[in-house]
Amino acid sequence: MTDQFEQRRLEPTELRAVGYYRVSSDKQLERDLSVPDQRRQTEELCKARGWRYVGEYVEAGLTATDDNRPEFQLMMERATDTHRPFDVIVVHSFSRFMRETFLFELHYRKLAKAKVQLISVSQPLGTEPGDRMLRKIITLFDEYTSG
């Protein structure tokens, strides 16, 4: 992906969203977790919520048990720099973002500090205490099932 985003004047309430798409195996490339399917679901969510879809980060064949992924690192860098070009990162599920609980929370908190939301298409959660607890349970399960 080229790290360029369309620059234009935004309405104060218009959120800019990017998709983060990851597949770790050839089987996923052929099934419902394919990059085109993840992209389609992300674009539909953005349209339904009135968000402007401004770009994407794609990783193929890489595990999410660590954060040693070039596109992931670039996305996190852009999300936390002073001129961040987006307000929301959309993933199909939290396991596409990270499958290691500690690193998930570390990066999730970095995003929150930078005022960037992480939204899952298939696991819609808010910020209430019960939602935060459920997100942690989901990430623990994702870590458990990745091995």
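Data for the structure
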item: Amide H contacts of residue 19 (H built 1.01 Å from N, under 5 Å, at least 5 apart or other chain); result: 55, 56, 57, 90
item: Candidates 102, 72, 86, ranked by Gaussian network fluctuation over the chain, Cα under 10 Å, top entry; result: 102
item: Residues with amide H under 5 Å from that of residue 125, placed H, sequence gap 5 or more; result: 120
item: Magnitude of the charge dipole, the chain, Cβ model with Lys/Arg +1 and Asp/Glu -1, debye to 20; result: 400 debye
item: Relative contact order, percent, region 16-146 [alpha-carbon distance under 8 Å, six or more residues apart]; result: 28 percent
item: Cα centroid separation, region 101-147 to region 53-88 (Å); result: 16 Å
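No lab work stands behind these numbers, since they all come straight from the coordinates. These numbers were taken from a predicted model, which means no experiment stands behind them. Here Cβ is always computed from backbone atoms with ideal geometry, including for glycine, and neighbour counts include all displayed protein chains.
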